[in-house]
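The block underneath contains the structure these notes are about, expressed in structure tokens.
The values are calculated or read from the model by the stated rules, or taken from the named source; none is laboratory data. Since we're looking at a predicted model, the values are computed, not measured. Quick reminder, even Gly has a Cβ in these numbers, built from the backbone with ideal geometry, and neighbours come from all protein chains shown. With ligands, DNA and RNA removed, areas are computed over all heavy atoms of the protein, side chains included. Shrake-Rupley method; radii C 1.70, N 1.55, O 1.52, S 1.80 Å.
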Amino acid sequence: MIRAVAFTHPKRMVAFFVKAIIAPFFLAPLFFQSCKHEKKIYQSNCNDDLSYKHVGFRQLIDSIQLYDHQYVEIDGTYIEGNEESALVNDSLFADHSTQHALWVNFSQDCPLVLKGTNRGIFEINDGKFTQLNNKSVTIRGKIDVRHKGHLGSYSGSIDRISYVKL
């Protein structure tokens with residue numbers, strides 16, 4: 001026997017609405033958060049004795065001359081391609097042109113290794129290369145305003161990279 005739900009009382013109607021409609025919207029983020037992958041940290045022993053200043057991406061680009069030859073930690077989206085190794089602002093509404101980006105200069109002098117292992121960031125791991133393109137990353141390195149990357153079109157570069165968090 002099928003019973004029809006009768007909403008004769010406003011409190012019952014509100015309770016049904018909360019349970020059936022609103023509750024899933026609050027529970028969904030918790031569910032999807034549990035699906036996130038664990039952050040991978042690649043480190044080098046270069047510059048271990050230095051402290052890094054965490055700088056916002058826009059602040060760094062707007063005042064890059066003030067950060068020349070300073071060691072910074074910056075968050076952004078890494079973009080790689082043919083003649084391209086750049087860090088751009090991870091905001092969807094920011095300008096992602098090369099004038100508002102940093103050239104990322106990875107160096108063999110500072111080999112980046114997955115924390116707790118001896119696997120390098122540019123080595124084959126689990127049958128494939130580490131995917132960096134279009135990933136949100138945190139990078140630590142030294143700002144150089146004279147080196148402006150491919151065709152000199154970037155705001156500056158970040159060298160001596162000793163930390164990458166994916």
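The magnitude of the dipole of the range 41-165, with charges of +1 and -1 set on the Cβ of Lys/Arg and Asp/Glu and taken from the Cα centre, is near 180 debye.
Report note on the peptides 113-125, 65-77: ranked by the mean count of other C-beta atoms within 10 Å, highest first, their order is 65-77, 113-125. In the range 71-159, the portion of solvent-accessible area held by carbon and sulfur atoms comes to 48 percent [1.4 Å probe, whole percent, DNA, RNA and ligands not counted].
In sequence order, the range 62-76 has phi-based couplings of 5, 10, 4, 4, 5, 9, 4, 6, 9, 8, 10, 10, 9, 9, x Hz under the Karplus curve 6.51 cos²θ - 1.76 cosθ + 1.60, θ = phi - 60°, and Gly or Pro positions carry x.
In a fully extended conformation the segment linking residue 128 and residue 58 would gain 21.9 nm over its present Cα-Cα distance, using 0.36 nm per residue. Within a straight-line Cα-Cα reach of under 17 Å, residue 128 can be paired with the following aspartates and glutamates, leaving aside sequence neighbours fewer than 8 residues apart in one chain: 80.
Taking only the alpha carbons of the range 41-165, we obtain Rg and Dmax values of 13.8, 42 Å in that order.
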